[in-house]
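*Asks:* Just passing along the structure, written as structure tokens.
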Amino acid sequence: MIKALRGSSPVVLITRMFIAAIVVFATYNPTGSSIFHWVTQNDNPTDAWVILGAIVAILANVALLIAAWKALGKIGTIIVVIFFAALVYLSLQEGWVSSGNQASIEWLALILYSAFLGIGLSGAIIWRRATGQVVTDEADDINH
């Protein structure tokens with residue numbers, strides 16, 4: 001039991017959320033300082049560094065999406081999306097986010113996307129804490 005809980009401190013969860021946020025906000029943010037803006041506003045978009053930066057950003061996002069999908073599954077993803085939809089509705093209703101302000105909608109979407117990825121990265125830890133069950137993957141490439 002003690003071994004199952006090792007490495008699941010709140011610091012680990014916060015670190016994973018922070019990593020997801022760094023990837024998301026480095027890829028795109030409304031301030032104009034992101035890899036997306038660097039690529040689209042570059043004088044030479046075919047420069048090797050620009051292409052490499054774009055590829056790394058895409059791969060990092062895809063890797064985090066795959067990890068989130070594997071950790072949450074279809075039902076978990078649906079639950080998180082429904083919860084986030086309720087948060088968006090609440091934010092609009094309470095005036096925390098203005099529907100007429102594109103930047104505020106983008107910030108909210110990016111925050112929720114990074115939270116989704118962070119939850120996905122922490123999914124196994126959260127599940128283990130909530131249920132006491134350890135999550136394992138079945139490898140299809142291993143012969144029995």
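Values in this text are rule-based calculations from the coordinates and carry no lab data. The structure displayed is predicted, hence computed values, not measured ones. Virtual Cβ from ideal backbone geometry, glycine too; neighbours counted across all protein chains shown.
*Asks:* Which value in nm describes the separation of the simple spin-label points at Tyr89 and Val56, placed 7 Å from the Cα toward the beta carbon?
*Replies:* That separation, rounded to one decimal, is 4.1 nm.
*Asks:* Got a sec to turn the phi values of the range 91-102 into Karplus ³J(HN,Hα) couplings, 6.51 cos²θ - 1.76 cosθ + 1.60 with θ = phi - 60°, whole Hz, x for Gly and Pro?
*Replies:* Coupling constants for the range 91-102: 4, 6, 5, 7, x, 5, 10, 8, 5, x, 10, 4 Hz.
*Asks:* List Phe84, Phe18 from most exposed to least, where exposure is judged by having the fewest other Cβ atoms within 10 Å.
*Replies:* Going from sparsest to densest Cβ surroundings: Phe18, Phe84.
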